[in-house]
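Step one of this worksheet: look at the structure below.
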Amino acid sequence: NGAICSQPCSPSFHGEKSFVCEDRKWQMLTDACANLDVQSLFQPVHGNPGDGARYFGADEHGNSNCQADFSCIIPDILSSPAIPGNIADIVELLKKISLLLSENVNREKMQSYSRIANHILNSSIISNWAFVRDRNASSILLDSVNSFAGKLLLRNGSESIQEHFISTKGYSIHKNTSGKSFGFSMQFNNTGNITGHVVIPEEELSKLHKTSKAVSIAFPTLGAIIETNRLDPVFVNGMVLSVSLPEELHHVLLTFEKVNKLENVRAQCVGWHSAERRWDNRACTVKSDNISSVVCICKHRHRTFKSFSILMSPATLRNAVLDYITRVGLGLSIFSLALCLIIETVVWHHVTKTEITYMRHFCLVNIATSLLVADVLFILAAIVHNTALNHQLCVAATFFLHFFYLALFFWMFTLGLLILYGLLLIFFKITRFVFIVTAFSIGYGCPLVISILTVAITEPQNGYLRTGACWLNWYETKALLAFVVPALSIIVVNMVVVVVVVVKTGRSSVGEGCKSQDLSNMIRISKNVALLTPLLGLTWGFGLATVVNTRSLAFHVTFALLNAFQGFFILLFGTLLDRKTREALRMSCLSSKQKCSLAK
């Protein structure tokens, strides 16, 4: 990859010579230098269990000591460095074994399989997974191990196979069992162990019609490997526990010890959706959560949910102040925007007599309407997500939320252009018709095109929604850029507008020759900046601070205050502090005592 390397390694399992740089971080694979011919193992992609025996040195009659537990290949695998190319080959090998050699999975077979998997699950080589080309390699590994371990044969009603980074336990279960549990205590890294516990409730076991088996697999490092391999910053804060149960059983109780025991983040119980290859919070609910452990109730589904864990996002601050600010701010914002639209309706004919005031109030009404609808949709999207309604409804909520938030920004952009028009193009006049067509094209046309393209491109590959919320995806498809890029671009343009206004305001008093005007000039500039900041969306710029420092509570509180109360600021600075609007309200009051008392 362009690195200059100095020391060649010995031939590796990958079948190519490995060159390692002096800093031991970069590795390059060049020059064919096969140490072990593993390609013959990969030839059959499909087949029946047992068909793969001949690929492990068996003759045409299947006679071979190796095919019983394929132990003959383990020394070469364990002696090979766990570099990205080897990791990919071993994942492929385990996949083929689970497809072709999953018949009669006894203790010896499971031990050999676990030893091979353990080699690439080691905590010391987690960073190497970032350079594995296939971003689904960790998911394939999880599915392969689950499939193979699920066919484990039990001796005397139980089985336990333990490696450092993978542990498998199986028990016979029947309807008269009082309740079955699997306990795991495993090494996570050099600093210590973490524990996990699986319990099959008694009410679930009563559904069994005959004696069956239950198998559970624990992976202390696989959560971190999935993050690294998929470049996903979602933080898995416990071991991954997989469960293989009879079809009659649908619920299981899981206890996860937290790796990082933090007080300011919220735990989330999740299941790995094997079809969509992502963590899904719809699979589990949190029963209890404390500083050291989380208890989850999870739904077991053979085709989708068989593996479970807990997520903790370090960027999600668990603080009641933020929730309170958001709820109060949204409520006040919705009320303020509704009041703003009512006032604009009452005074419309009085304040739109000139072309420029008509255009200003036209933009203001559309800004208020877009934000009002977006705030209502924000609440509805949260309700849709929390009630676990269907996927299509969440997609619809996200589409309209995306559209109206974009419309808010594009109408604020239109207002910024209007301010520049009034300041710089004094002798250039446009008609109302031209303005309305242009404004609607920018304010609603651009957001509509962006929203439709975003859902059309990302939804077919299940990359439109993010995990855990009805909002645009970021980690897999970067769909969120369809909101972030236009919004930040408009904020930058509107900041330029504010600078132009400040410069024009400052120049208007130059030459007056009186120092007493300096204070009034500063007050005028400050007032203009205060008036324009919420109307042009500059408060959203504080969102950058929360990205740069995700753990700072001060930045999050500031951003929540400024944006949750944006509707109130629009009412205050856009309507109530406007002199012509107040005069129009006063005139309306004089025409009707009833209207006057209502306005007061």
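The values are calculated or read from the model by the stated rules, or taken from the named source; none is laboratory data. Since this is a predicted model, take the numbers as computed values, not measurements. For neighbour counting, all protein chains shown are included, and Cβ atoms are generated from backbone atoms with ideal geometry for every residue, glycine included. The protein model used for the area step is the full one, side chains on, heavy atoms only, and it has no ligands, DNA or RNA in it. Shrake-Rupley method; radii C 1.70, N 1.55, O 1.52, S 1.80 Å.
Karplus-based coupling profile of the range 556-568, in residue order and whole Hz: 5, 5, 4, 4, 5, 4, 5, 9, 5, 9, 4, x, 5, with θ = phi - 60° in 6.51 cos²θ - 1.76 cosθ + 1.60 and x standing for Gly or Pro.
Local charge sum around residue 271 (other residues, Cβ-Cβ under 9 Å, Lys/Arg +1, Asp/Glu -1)? With Lys, Arg at +1 and Asp, Glu at -1, the net is +3.
When only the heavy atoms of the protein chains count and the probe is 1.4 Å, how do 525, 379, 310 rank by accessible area, highest first? Provide the component values of the computation, followed by the final result.
On the way: 525 30, 379 70, 310 0 Å².
The ordering from most to least exposed comes out as 379, 525, 310.
Of the trypsin sites (Lys or Arg not before Pro) in the range 386-470, which ones lie in a loop per DSSP and count no more than 13 other C-beta atoms within 10 Å? The partial results should precede the final answer.
Working: sites: 429, 432, 466; in loops: 429, 466.
Sites meeting the loop and neighbour criteria: 429.
For the range 74-133, the square roots of the Cα gyration tensor eigenvalues, ordered a ≥ b ≥ c, give a/c of at least 1.5 with a/b greater than b/c, which places it in the prolate category.
Taking the three principal axes of the alpha carbon atoms in the range 330-394, the coordinate ranges are 51, 22, 12 Å, sorted in descending order.
Could you list, in their original order, any pairs among 169/287; 96/299; 109/210; 429/527; 151/287; 151/210 whose Cα atoms are separated by more than 20 Å? Check vs 20 Å cut-off fails for 169/287; 96/299; 109/210; 429/527; 151/287. Element breakdown for the range 279-372 at a 1.4 angstrom probe: carbon and sulfur atoms account for 63% of the accessible area.
Multiply the residue separation of residue 348 and residue 492 by 0.36 nm, subtract the distance between their alpha-carbon atoms, and state the gained length in nm to one decimal. Numbers along the way, then the final one.
Details: separation 144, 0.36 × 144 = 51.84 nm, distance 3.09 nm.
Between residue 348 and residue 492, full extension yields 48.7 nm more.
Between the amide H of residue 213 and those of 173, distances stay under 5 Å, these residues lying 5 or more places away or on another chain, with hydrogens modeled in the peptide plane.
Near residue 308, the amide H atoms lying under 5 Å from its own belong to 241, 242, 272; only residues 5 or more places off or on other chains count, and H is placed 1.01 Å from N. Taking amide hydrogens as placed 1.01 Å from N in the peptide plane, the amide H of residue 105 sits under 5 Å from those of 153, each at least 5 positions away in sequence or on another chain. Rounded to the nearest Hz, the phi-derived 3J(HN,Hα) couplings of the range 435-451 under the Karplus curve 6.51 cos²θ - 1.76 cosθ + 1.60 (θ = phi - 60°) are 4, 4, 4, 5, 5, 5, 5, 6, x, 10, x, 4, x, 5, 4, 4, 5, where x marks glycine and proline. In the range 456-498, Rg over Rh equals 1.16, where Rg is the alpha-carbon radius of gyration and Rh the Kirkwood radius from pairwise Cα distances.
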